């Protein structure tokens, strides 16, 4: 389709990009940062996920001129006082090293009983379009397991079992199954509903 509108998603995370294109469908041609030749490592220095999403979207708009949306996601674990939260991607000490991140969570929660292993994923999306900023959020509640289950997904998916599912982790679900109930799926659904009003 050549008549699809173009919109930039401020990410080079291939997993996120694929997941988001699945959710958004054919209405928009979703471009990555690489697609617009943006190869900078945009700093995520805000104290919360909403702020990080805003920083990335504003950066693209200011430096490249495109209407843009950006997301940030945090896993917030009750027994860890809301951690890793805004530090989710680099909780293990190295940015985007999912295995180290998971290892740290499992180590810190080794003695926490199942009933206290409650957690939720939260995604914030900031859209900058026609000079206006819009914020969308999605959330899913669940539990942190004591070991990895499944090989799909990314991030903390192999240790997160959503309450609304059938007992499987996100990493054991197909992309379609995960997107139907996930935090990112819900935030993107709110975003696409807004864009369809145009």
Task: Helix axis angle, 49-64 relative to the chain longest principal axis, alpha carbon, degrees - done: 30 degrees
- [ ] Just grab the label-to-label distance for residue 193 and residue 115, each label 7 Å out from Cα along the Cβ direction, in nm (one decimal).
- [x] 3.5 nm
Open item on the list: Under 8 Å for C-alpha pairs, at least 6 residues apart: give me the relative contact order for the range 5-196, rounded to a whole percent.
Closed with: 18 percent
Open item on the list: Running a GNM on the chain with Cα contacts under 10 Å, which residue among 164, 132, 18 ends up with the highest mean-square fluctuation?
Closed with: 132
- [ ] Taking Kirkwood radius over Cα pairs in Å as the quantity of interest, determine which of (1) 17.2; (2) 18.0; (3) 19.3 was computed from the displayed structure.
- [x] (1)
Open item on the list: With angles folded into 0 to 90 degrees, how steeply does helix 98-108 sit against the dominant principal axis of the chain? Use alpha carbons for both and round to 10.
Closed with: 40 degrees
Open item on the list: Nearest 10 degrees is fine. How inclined is helix 183-196 to the longest principal axis of the chain, computing both from alpha carbons?
Closed with: 20 degrees
Task: Order by protection proxy (mean Cβ within 10 Å, highest first), peptides 173-186, 34-47 - done: 173-186, 34-47
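No value in this document is a laboratory result; all are computed from the given coordinates. No experiment lies behind these values; they were computed from the predicted model shown. Glycine gets a Cβ as well: all are built from the backbone with ideal geometry, and neighbour counts include every protein chain shown.
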